[in-house]
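Below is one structure, written out as structure tokens; the observations come after it.
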Amino acid sequence: MSKVIAIANQKGGVGKTTSTVNLGAGLSKAGKKVLLIDLDPQASLTLCMGYREPDKLSATITNVIDHIVNDKEMDSDYGLLHISDTMDLLPASIDLSAAEVSLVNAMSRELVLRTYMENVRVNYDYVLIDCMPSLGILTVNALACADCVLIPVQAAYLPVKGLQQLIKTIYTVKRRLNNDLDIEGILFTMVDRRTTYAKEIVDEVNEVYGKAIPVFKIEIPMSVRASETSQAAKSIFEYDPKGKAAEAYRELTEEVLKNG
Ligand code: ADP
Ligand code: MG
């Protein structure tokens, strides 16, 4: 049984891509077969995985979407980059933003990614989708084909209002397109426990949402080493295995494995 996790928050810079990379690496280290999908035209995930010139890749998720929308046949490994024995990447590049526009007129435009997922998920234990910072049609596609959503939240500004909008979208998608969609949990990232502000935000989110939505007890700490991993194109487990961010992502991985 495979599990598809959308990593989503319409706010940028909250740790979606970093969490995708490191949760993916953790699951892969645990021997699980993992597919990472870059669903952001900024291609941060693709860059983080060491592909510095996404525009030069022969195929990306844009081509995959094009094949589905135009009913063209493709192999189930079309566009995939082989990272390791237990990890593949479906990369993105900037032309994904044009694909997003073209989707507007496509038939069943919310379900394009689901069609893809039905074919490829059988090859993996976990599929992680790194969403773009918007609640547009691509993110809706991710929510429409996912089993659950992981919501990274940066504990450095008041996120409650943005969260309301996101959660509303998740429930709308659940009602109309994907009955099985669940919320895996809210994950606090870049937490600096020395500031009372961070603590207040964690408390407030727990108070407002904690009853209805799971909130991970594990918090990802603010860590300079973590912020350096994308440039180094390494996971935190390779870059700073003994650091506190690696420890947190290790615990997050265990929690996700436990949730099934
Ligand atoms: P998003 O995908 O939501 O836009 P990113 O994962 O790209 O967010 O993270 C935004 C920025 O914060 C990046 O520069 C990243 O390196 C940095 N960052 C991510 N996690 C941490 C952390 N735990 N501590 C410090 N910086 C972090
Ligand atoms: Mg990102």
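Listed values, structure above:
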quantity	calculated
Qualifying positions in the range 121-138 - within 13 Å of ligand 2 (Cβ to nearest atom) and within 16 Å of Val14 (Cα to Cα)	Ile129, Asp130, Cys131, Met132, Pro133, Ser134
Single condition Asp75 does not satisfy, out of (1) away from ligand 1 (no atom under 16 Å from the Cβ); (2) in contact (Cβ under 8 Å) with a residue 12 or more places away in the chain; (3) not small (Gly, Ala, Ser)	(2)
Count of residues meeting criterion [away from ligand 2 (no atom under 13 Å from the Cβ) and either small (Gly, Ala, Ser) or closer than 26 Å to Val122 by Cα (or both)] in the range 25-59	16
In the range 173-208, residue nearest to Leu143 (Cα to Cα) [restricted to those that are among the β-branched types (Val, Ile, Thr) and out of contact with any Leu (no Cβ under 9 Å at 6 or more places or on another chain)]	Thr189
Qualifying residue in the range 137-158 (condition: within 16 Å of ligand 1 (Cβ to nearest atom) and of a type in the set (Phe, Trp, Tyr))	yes
In the range 54-78, the residues that are assigned to a helix (DSSP H, G or I) and either among the aromatic types (Phe, Trp, Tyr) or in contact with a helix residue (DSSP H, G or I) (Cβ under 8 Å, 6 or more places away or on another chain) (or both)	Pro54, Ile61, Thr62, Val64, Ile65, Asp66, Ile68, Val69
Criterion (within 29 Å of Lys168 (Cα to Cα), within 14 Å of ligand 2 (Cβ to nearest atom) and not in a loop (DSSP other than H, G, I, E, B)) met by exactly one of Val4, Val101, Val21, Val14	Val21
Cross-chain or 6+ apart pairs with Cβ under 8 Å, the range 217-229 first and in a strand (DSSP E or B), then modelled with pLDDT under 95	Pro221/Met190; Pro221/Val191; Pro221/Asp192; Pro221/Arg193
Pairs where the first residue, in the range 1-30, is modelled with pLDDT of 95 or more and more than 14 Å from ligand 1 (Cβ to nearest atom) and the second is of a type in the set (Gly, Ala, Ser) and not in a helix (DSSP H, G or I), C-beta under 6 Å, 6+ apart	Val4/Ala146
First in the range 154-165 and closer than 19 Å to Thr18 by Cα and at pLDDT 70 or above, second anywhere and among the aliphatic types (A, V, I, L, M) and surrounded by 14 or more Cβ atoms within 10 Å (Cβ to Cβ), Cβ under 6 Å, 6 or more apart	Gln154/Val14; Gln154/Met190; Ala155/Val191; Ala155/Ala198; Ala155/Ile201; Ala155/Val202
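For (1) surrounded by fewer than 20 Cβ atoms within 10 Å (Cβ to Cβ); (2) more than 16 Å from ligand 2 (Cβ to nearest atom), each residue gets a yes or a no:
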{"site": "Leu187", "(1), (2)": "no, no"}
{"site": "Thr195", "(1), (2)": "yes, yes"}
{"site": "Ile201", "(1), (2)": "no, yes"}
{"site": "Ile213", "(1), (2)": "yes, yes"}
{"site": "Lys217", "(1), (2)": "yes, yes"}
{"site": "Pro221", "(1), (2)": "yes, yes"}
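The values are calculated or read from the model by the stated rules, or taken from the named source; none is laboratory data. These figures come from a predicted structure and were not determined experimentally. We place every Cβ from the backbone using ideal geometry, glycine too, and count neighbours over all the protein chains shown.
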